[in-house]
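Report on the structure given below.
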Amino acid sequence: MIFTLNGKEVDVAAHPMKRLLDVLREECGLTGTKEGCGEGECGACTVLVDDEPVCACLVPFAQVHGADVMTIEGLAGDHPLQTAFVNEGGAQCGMCTPGMILAAAALGPKPSLEKVRTGLAGNLCRCTGYEAIYRSIRAAYENGKGVGEWESGSVGEEKPA
Amino acid sequence: VGVVGTSPPRKDGAAKVGGTAMYVDDITLPGMLHGRTIRSTIPAGRITNIRFDFDTTGFTILDYRDIPGKNVVALIADDQPCLVEQNVRHVAEPIVLLAHEDREKLLAANVVIEYERAEPVLDPLRSQQVLKHILIEKGRMSQGFAAADLVLEGEYRTGSQEHVYIETNGFIAVPEPNGGMTVHGSLQCPFYVHKALTHLLGMPDELVRVVQTEPGGGFGGKEEYPSMIAGHAALLAKKSGRPVKVVYDRAEDMWATTKRHPSIVRHRTGVTKSGKLVAMEVEVILDGGAYVTLSPVVLSRGCIHAAGPYRCPNVKIDGRAVFTNTNPNGAFRGFGAPQTEFAVEVHMDRIADALGMDAVRLRMINALKPGDATATGQKLGPDCSALMVLKEAVKRSGYKRKREAWRGTGRGIGLALFYHGSGFTGAGEVRLASKCSLATTERGVKILVASTEIGQGTRTMHAQIVADTLGVPFDQVEVAVPDTAVVPDSGPTVASRTCMVVGRILERCAIALKEQLGGLTPAEHFRRNGAIVITKQYEPPPGIVWDEEHYRGDAYATYSWACDVAEVELDPDTYEARTTKMTVVHEFGRPIHPVLARGQIEGGTAQGVGFALIEHVVMKDGAMVNAQLTNYTIPTTLDTPRINTIMLENRYPYGPFGAKGVGEIPMDGPAPAIVNAIRHIGLDVREVPALPEVLMHARIVARQSDAPRTTHHAPSR
């Protein structure tokens with residue numbers, strides 16, 4: 001079956017009802033997409049299908065026929081979100097990170113805090129308490145002024161005394 | 001100018017954000033089989049028959065008779081079998097192992113087990129079997145209560161909690177040509193697994209090798225159970241002669257592995273009219289589950305922290321962990337302290353109410369100060385910061401103003417003052433005698449420790465300590481993968497010890513190495529003289545005395561201190577409590593890497609919010625019946641409050657660069673702070689999780705001035 005994977009057209013032979021998650025990990029060798037629960041609750045397997053975040057564990061392979069699929073391997077490694085997730089502590093154990101970064105990328109640039117909180121509500125992180133993820137997204141877009149409606153003074157303001 | 005106290009990019013950052021970090025399930029080896037565990041479905045009884053109701057061609061099948069060594073998961077008491085022989089003591093106990101190269105065939109295989117059922121003990125209060133009893137006594141209780149103007153009693157309960165590391169447990173075992181066994185897996189304690197495998201396989205130390213794959217979170221959940229899984233994978237690999245991967249799906253991970261010990265804690269406290277604590281009697285009961293595993297030490301930490309960070313001349317803490325026919329409960333961030341500190345902190349707010357005294361003032365009067373002694377008689381030094389964190393939290397959160405302004409509304413604000421001992425309890429660190437090594441390399445130096453990176457930043461923080469001690473750039477310090485064939489036993493990655501204890505040994509290695517380098521850089525020295533390796537062993541700080549038999553003395557080398565303030569809103573229709581903001585003030589010596597340290601505090605706080613309000617392990621007939629992320633929920637972005645983190649410094653002279661432990665303490669405070677905020681709203685809650693049904697049935701707090709103004713939603717009883 002032909003689809004676009006990280007910008008390249010690929011032809012992959014797999015059962016049409018196989019989970020997209022397994023096709024990516026087993027047939028395509030892209031293990032950056034993680035399985036956390038297998039039932040669409042944790043979002044660790046989030047990939048972008050035609051720019052929309054989906055849980056790859058819930059998508060049968062047949063459904064991406066002709067579609068544009070983006071996994072974490074499709075980002076250059078120095079995408080501003082990736083750099084910021086390293087520098088700001090958005091990544092701890094790293095299991096939710098690929099899905100979290102892709103879900104964050106799907107929010108578009110300079111999302112408001114409310115948009116971030118709603119948009120990432122399907123991506124569970126057990127390590128960070130999410131604050132560092134908010135800071136990472138903020139930092140990724142902070143090359144200019146105005147980061148949507150970020151609350152001022154509530155994120156990362158305190159320094160060690 | 002050094003790197004300690006700054007936040008360089010974490011060593012494993014690029015691999016984690018790029019998707020190239022290798023977790024156990026990302027690894028596939030040639031000829032590899034998949035393994036599956038067949039488990040008991042009853043809580044107590046005897047196996048009468050096992051039937052294989054499928055075509056067994058191509059399967060590797062084994063049971064306890066295939067174990068070459070001892071059928072135990074070696075840890076403290078060696079009472080837990082790796083595979084059940086005849087008697088089942090809990091649901092999900094492993095009985096038979098299967099392996100096959102085709103995962104679908106493996107999952108379709110039907111093994112029928114017949115049992116003769118026995119009556120299970122599921123209520124810890126009805127268990128007659130005490131697995132560990134601890135008694136801490138100080139002063140004279142009769143004298144204390146005689147001096148009291150008020151005696152207040154209460155019973156507090158905490159529920160079970162599932163770790164929900166996003167990566168489920170897993171191992172790959174590889175049989176070696178020399179007859180040995182190598183396992184690769186997700187774990188916190190490589191040498192625990194190593195010891196367990198040598199017992200199970202009957203192999204000498206040198207034939208067993210344990211290698212850490214990237215662990216996708218641990219939180220204590222990968223402290224003891226990995227020894228079981230590694231054992232299963234190794235037995236299958238040994239019998240089949242092929243590599244075997246055993247990776248749990250989420251349902252099996254939740255159903256079968258350890259959880260936080262449910263607790264029942266009873267307080268009886270004597271206090272004077274002026275608010276001085278004069279007698280604290282505490283009874284602690286932990287549900288240990290079916291085997292000893294780590295329960296004795298969980299109980300120990302729980303009991304030592306049970307009187308809270310308060311000065312009281314007369315204290316009696318009587319704790320017991322009991323056997324029941326549920327899965328063994330195990331290590332989970334905080335390790336008994338979140339349970340007992342919940343009880344004492346909610347009790348303190350009840351005492352304040354009974355005295356008609358402000359909750360902050362009651363704590364100001366009684367909080368431990370340098371020179372005071374804890375329940376075990378440990379005299380605290382200048383590293384005690386209880387008052388500092390309390391005052392800062394009250395100030396930063398606007399506690400007093402909000403406490404007054406929100407009176408009688410559906411909003412509440414509450415606080416909890418708490419502490420947490422860094423490192424192993426009592427003589428534990430001396431017994432562990434951890435070792436660390438530093439080796440010169442052509443690029444600089446390499447750290448050799450068994451401490452694992454479970455997301456908390458071990459690699460990065462250790463490299464900072466070594467870089468600054470040696471005076472070399474951060475990027476010239478590399479960190480070896482924990483591999484028992486390569487690294488010394490620096491102990492388990494638990495107990496808030498990886499920075500303070502292991503980091504301090506590394507600092508001493510670096511000091512010794514620097515002396516040997518004679519002014520050369522490590523790389524120059526390597527080029528001229530070849531590699532040198534420095535190894536150092538743990539040395540306790542001076543003056544630490546611990547009496548294990550009587551539970552007297554210096555329970556921990558030092559403590560970290562914190563105060564959480566929770567702001568909560570109650571939905572008057574659904575009785576759902578929502579935490580809107582947490583102000584958390586922590587003193588843990590000094591942050592080596594402020595970004596990572598803050599990550600520990602924020603992440604632990606969020607886990608504490610889940611523990612307080614939403615995480616509910618539903619047990620039926622001894623088993624977790626909501627073993628899915630659909631039914632067991634952890635905080636999402638929308639459930640997690642904004643967290644305002646304040647890190648205060650009070651450098652500890654015997655930690656590396658002044659650092660103490662920070663890993664666990666953030667878990668101890670959110671639950672009591674949130675329940676105290678709910679109390680401020682007017683509901684007398686004494687258990688967590690404080691689910692809507694708990695709040696709906698809660699009594700109204702007796703203080704009339706604080707009762708909700710809206711009466712139409714008042715509970716009917």
Matching residues, the stretch A:11-51, being open to solvent by 40 Å² or more (accessible area, probe 1.4 Å) and over 16 Å from the mean Cα position of the chain (by Cα): A:Asp11, A:Ala13, A:His15, A:Pro16, A:Met17, A:Lys18, A:Arg19, A:Glu26, A:Glu27, A:Gly29, A:Glu39
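Is it the case that some residue within the stretch B:560-578 is within 18 Å of the chain's Cα centre (by Cα), under 12 Å from B:Ala659 (Cβ atoms) and more than 10 Å from chain A (Cβ to nearest Cβ)?
Yes - at least one qualifying residue is present in the stretch B:560-578.
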Subset of the stretch B:623-634 (residues that are at the interface with chain A (Cβ under 9 Å from one of its Cβ atoms), more than 30 Å from B:Gly589 (Cβ to Cβ) and touching a residue at least 40 places away in the same chain (Cβ under 8 Å)): B:Gln628, B:Leu629
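Go through the stretch B:375-387 and count every residue that is surrounded by 19 or more Cβ atoms within 10 Å (Cβ to Cβ) and either among the hydrophobic types (A, V, I, L, M, F, W, C) or farther than 20 Å from B:Gly302 by Cα (or both). Spell out how you get there, then give the answer.
In the first step, residues of the stretch B:375-387 are kept if they are surrounded by 19 or more Cβ atoms within 10 Å (Cβ to Cβ); the result is B:375-378, B:380, B:383-386.
Now restrict to residues that are either among the hydrophobic types (A, V, I, L, M, F, W, C) or farther than 20 Å from B:Gly302 by Cα (or both): B:375, B:380, B:383-386.
Qualifying residue count for the region: 6.
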Complete set of residues in the stretch A:113-147 that are open to solvent by 20 Å² or more (accessible area, probe 1.4 Å), more than 9 Å from chain B (Cβ to nearest Cβ) and of a type in the set (S, T, N, Q): A:Asn143
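Output the residue which, of all residues in the stretch B:8-27 that are at the interface with another protein chain (Cβ under 8 Å from one of its Cβ atoms) and touching a Lys or Arg at 6+ places or on another chain (Cβ under 9 Å), is nearest to B:Tyr64 (Cα to Cα). Let's see the steps before the verdict.
If we filter the stretch B:8-27 for residues that are at the interface with another protein chain (Cβ under 8 Å from one of its Cβ atoms), which is where we start, we get B:9-10, B:12-23, B:25-26.
After this cut, where a residue has to be touching a Lys or Arg at 6+ places or on another chain (Cβ under 9 Å) as well, the list is B:10, B:12, B:16, B:19, B:23, B:25-26.
Details: B:Arg10: 44, B:Asp12: 40, B:Lys16: 39, B:Gly19: 39, B:Tyr23: 29, B:Asp25: 26, B:Asp26: 29 Å.
The selected residue is B:Asp25.
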Residue in the stretch B:441-452 that is in contact with a His (Cβ under 6 Å, 6 or more places away or on another chain), closer than 17 Å to B:Ala531 by Cβ and not charged (D, E, K, R) present: yes
Meets criteria (open to solvent by less than 10 Å² (accessible area, probe 1.4 Å) and closer than 30 Å to B:Gly426 by Cβ) for B:Ala557: no
Members of the stretch A:100-134 that are part of a loop (DSSP other than H, G, I, E, B) and among the hydrophobic types (A, V, I, L, M, F, W, C): A:Ala106, A:Leu107, A:Leu120, A:Ala121, A:Leu124, A:Cys125, A:Cys127
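One residue is enough: does the stretch B:635-642 have a residue meeting the conditions on the phi < 0 side of the Ramachandran plot, open to solvent by 10 Å² or more (accessible area, probe 1.4 Å) and away from chain A (no Cβ under 11 Å)?
Going through the stretch B:635-642, the residues on the phi < 0 side of the Ramachandran plot turn out to be B:635-642.
With the extra rule that they be open to solvent by 10 Å² or more (accessible area, probe 1.4 Å), the set shrinks to B:636, B:638-639, B:642.
Cutting the leftovers down to away from chain A (no Cβ under 11 Å) gives us none.
So far as the stretch B:635-642 goes, no, none of its residues is on the phi < 0 side of the Ramachandran plot, open to solvent by 10 Å² or more (accessible area, probe 1.4 Å) and away from chain A (no Cβ under 11 Å).
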Only listed residue being part of a loop (DSSP other than H, G, I, E, B) and either surrounded by 17 or more Cβ atoms within 10 Å (Cβ to Cβ) or over 30 Å from the mean Cα position of the chain (by Cα) (or both), chosen from B:Thr41, B:Thr48, B:Thr56: B:Thr56
Tally of residues being within 14 Å of the chain's Cα centre (by Cα), surrounded by fewer than 24 Cβ atoms within 10 Å (Cβ to Cβ) and in a loop (DSSP other than H, G, I, E, B) across the stretch A:58-99: 4
Condition check for B:Pro43: away from chain A (no Cβ under 14 Å) and in contact (Cβ under 8 Å) with a residue 24 or more places away in the chain: yes
Count - residues of the stretch B:10-27 that are assigned to a loop (DSSP other than H, G, I, E, B) and free of Cβ contacts under 8 Å to residues at least 24 places away in the same chain: 2
Odd one out for B:Asp63 among (1) within 14 Å of another protein chain (Cβ to nearest Cβ); (2) free of Cβ contacts under 8 Å to residues at least 60 places away in the same chain: (1)
One residue from B:Gly185, B:Gly217, B:Gly154 being surrounded by fewer than 24 Cβ atoms within 10 Å (Cβ to Cβ) and either within 26 Å of B:Gly288 (Cα to Cα) or in contact with a strand residue (DSSP E or B) (Cβ under 8 Å, 6 or more places away or on another chain) (or both): B:Gly154
Selection status of B:Ile614, at negative phi, hydrophobic (A, V, I, L, M, F, W, C) and away from every other protein chain (no Cβ under 12 Å): yes
Flag if B:Thr574 is surrounded by fewer than 17 Cβ atoms within 10 Å (Cβ to Cβ) and closer than 30 Å to B:Ala677 by Cα: yes
Candidates B:Leu417, B:Leu362, B:Leu387 - the one that is touching a Pro at 6+ places or on another chain (Cβ under 8 Å), over 25 Å from B:Gly491 (Cβ atoms) and not small (Gly, Ala, Ser): B:Leu417
Test: residue in the stretch B:84-104 that is free of Cβ contacts under 8 Å to residues at least 40 places away in the same chain and either hydroxyl-bearing (Ser, Thr, Tyr) or crowded, with 19+ Cβ neighbours inside 10 Å (or both): no
Residue pairs meeting the criteria (Cβ under 7 Å; at least 6 apart or on separate chains; first facing another protein chain (nearest Cβ under 8 Å), in the stretch A:16-34; second open to solvent by 50 Å² or more (accessible area, probe 1.4 Å) and of a type in the set (Asp, Glu)): A:Leu30/A:Glu73; A:Gly32/A:Glu73
Residue among B:Gly302, B:Gly308, B:Gly288, B:Gly319 that alone is farther than 20 Å from B:Gly426 by Cα and of a type in the set (Gly, Ala, Ser): B:Gly288
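The values are calculated or read from the model by the stated rules, or taken from the named source; none is laboratory data. Just so we're clear, the structure is a prediction, and the values are computed from it rather than from any experiment. Cβ: placed from backbone, ideal geometry, glycine included. Neighbour counts: every protein chain shown. In case anyone asks, the SASA skips ligands and DNA or RNA and just uses the protein heavy atoms, side chains included. Shrake-Rupley method; radii C 1.70, N 1.55, O 1.52, S 1.80 Å.
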